[in-house]
Amino acid sequence: MKIKNATQAGVFYPAEKDEILNMFAQFDNQKQANYSSRILIVPHAGYIFSGELAFNCYKFLDKSVKNIFIISPSHYERIYGCVLSDYEEFQTPLGSIKINQILKEEFSKFCDCSVNNLAFEKEHSIEVQLPFIKYFLPDAQIIPVLYGCENFKNLTESISKFYKNRENAFIISSDLSHFYPEKEAVKIDNYTARMIESGDIRNFEAEQACGAVGICGAVKFAQENNYTFIRVGLTDSSQKTGDTSRVVGYGGWFLYEGEKNQYIKENYADYLIEIARNSIQSGLHLGGYPPENIPCVLEETGACFVTLMLNNRLRGCIGSVIAHRPLILDIYKNAHSAAFSDPRFAPITIDEFKNIKINISLLSSPERIEFSNEQELLEKLTPHKDGLIIRDANYQAVFLPVVWEQLPDKKEFLKELKLKAGMPENYFSETMEAFVFSTIYIEE
């Protein structure tokens, strides 16, 4: 049997089983994952730098899968396209892991891969993933894939083909920016994170991540299927070394088969209502607090409206149309503004606060509607689904989808929105713009 020895044990991670298990026990300081995913983006640095983040990413890996494709960049050999090995097992201090020879052969034919054992010999980007896989899925088999000069769309096609089988999962192995001063690295890595989380990879550059091709391939797959990558964490080497002069960035994500806002509602609805309520409490000087220990997905940029109801009547509503700050901060700020800065209402009182009901609308990214006349615009609206933004010069206004309940007729809906923007009800111009969006509604 041809076995690939663990060449990076004792270098990137401990060489002894007990030492690895002790390290994993120290990493295991977060609550159990609340979703099972079949695609992860995971860092591949030494465990002292990114091991804790990687461990918490693997918590989200679907434990029922039987085969794991590890898609990694080649650091030591210049290769073109993708390469495989002819090993039958990879060795780890926690035990060996078998390679699924049937899937390896299928992948080889689909991607026209060659065999290059030398490329795997010292390659840490795959090897550091193996102890995690052996720990979380001891019976899983792997299909290790290395790539060099490769078109990310080829990886998207490969993921699409093999993802159809629910026994298959994918590890996209990548670190983020390399060797920038910390302040610059943080900016770059946050920019990269927004691209991964929004699905917009049009300007993704190779310098943003050593595994840029793998990341783009996975993000393109998510985009094509209306899936979302949810952040597990974002950090860099300076957090462990204290050296801020030349840092390496690390990020972790899991694939959610749906929209991010739906995931947030399913897992954090009560938490967000509590944050909004505490924001208002702080304005009333009743205590309250700025949010702490924030779930990473809520640190992603997001846009929301916070609506306050008193005795079934509107008592304040303020929001953001465009995501421009962390969602958790957007909720905190908009809740405070809805209570104290809505120009239509006086600031709420302590007595009113006791009976206030809080509703939160999480907004999707606005999408432009192309139209040449008002009738064409009306035809492209979907009542009870679309929120609508209109603007022209200094005019601008927005209606949330919930407004359809009061204005179910398209013409009335648009007329009232024009009036809200300060336009005459029959207003139209060639420069007028319109955008639609959807909302996920969280009700107290």
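The values are calculated or read from the model by the stated rules, or taken from the named source; none is laboratory data. Please read these numbers as outputs of a predicted model, since none were measured by experiment. When we count neighbours, we look across all protein chains shown, and the Cβ atoms used for this are built from the backbone with ideal geometry, even at glycine.
For residues that are part of a loop (DSSP other than H, G, I, E, B) and under 19 Å from Cys149 (Cβ atoms), scanning just region 86-120, find the one that is modelled with the lowest pLDDT.
Looking at residues that are part of a loop (DSSP other than H, G, I, E, B) and under 19 Å from Cys149 (Cβ atoms), I get Asp112.
Looking at (1) without any contact (Cβ under 8 Å) to a residue 24 or more places away in the chain; (2) over 24 Å from Leu327 (Cα atoms), which one does Arg246 not meet, given that it meets all the others?
Arg246 satisfies all of (1) without any contact (Cβ under 8 Å) to a residue 24 or more places away in the chain; (2) over 24 Å from Leu327 (Cα atoms) except (1).
What residue, among those in region 22-44 that are touching an Asp or Glu at 6+ places or on another chain (Cβ under 9 Å) and of a type in the set (Phe, Trp, Tyr), is nearest to Gly233 (Cα to Cα)?
Phe27
Cβ-Cβ below 7 Å, separation at least six or inter-chain, first residue in region 409-435 and among the hydrophobic types (A, V, I, L, M, F, W, C), second assigned to a loop (DSSP other than H, G, I, E, B): which pairs?
Phe413/Leu407; Leu419/Glu425; Ala434/Ile369; Ala434/Phe371; Phe435/Pro366; Phe435/Ile369
Confirm whether Gly302 is closer than 20 Å to Asn190 by Cβ and in contact with a strand residue (DSSP E or B) (Cβ under 6 Å, 6 or more places away or on another chain).
no
Can you name every one of the strands (runs of 3 or more DSSP E) wholly within region 275-381 that holds 2 or more residues which are surrounded by fewer than 21 Cβ atoms within 10 Å (Cβ to Cβ), touching a Lys or Arg at 6+ places or on another chain (Cβ under 8 Å) and not polar (S, T, N, Q)?
303-310
Only one of (1) assigned by TED's automatic domain parsing to the domain that holds Leu298; (2) in contact with a strand residue (DSSP E or B) (Cβ under 7 Å, 6 or more places away or on another chain); (3) touching a residue at least 40 places away in the same chain (Cβ under 8 Å); (4) closer than 25 Å to Val297 by Cβ is not met by Asp330, so which one is it?
Checking Asp330 against (1) assigned by TED's automatic domain parsing to the domain that holds Leu298; (2) in contact with a strand residue (DSSP E or B) (Cβ under 7 Å, 6 or more places away or on another chain); (3) touching a residue at least 40 places away in the same chain (Cβ under 8 Å); (4) closer than 25 Å to Val297 by Cβ, the one that fails is (3).
Which of the following residues is β-branched (Val, Ile, Thr), more than 23 Å from Phe27 (Cβ to Cβ) and out of contact with any His (no Cβ under 9 Å at 6 or more places or on another chain): Ile188, Ile172?
Ile188
Tell me which of these Ile20 doesn't satisfy, since it passes every other one: (1) of a type in the set (A, V, I, L, M); (2) closer than 23 Å to Val247 by Cβ; (3) crowded, with 18+ Cβ neighbours inside 10 Å.
Answer for Ile20: the failing condition is (2).
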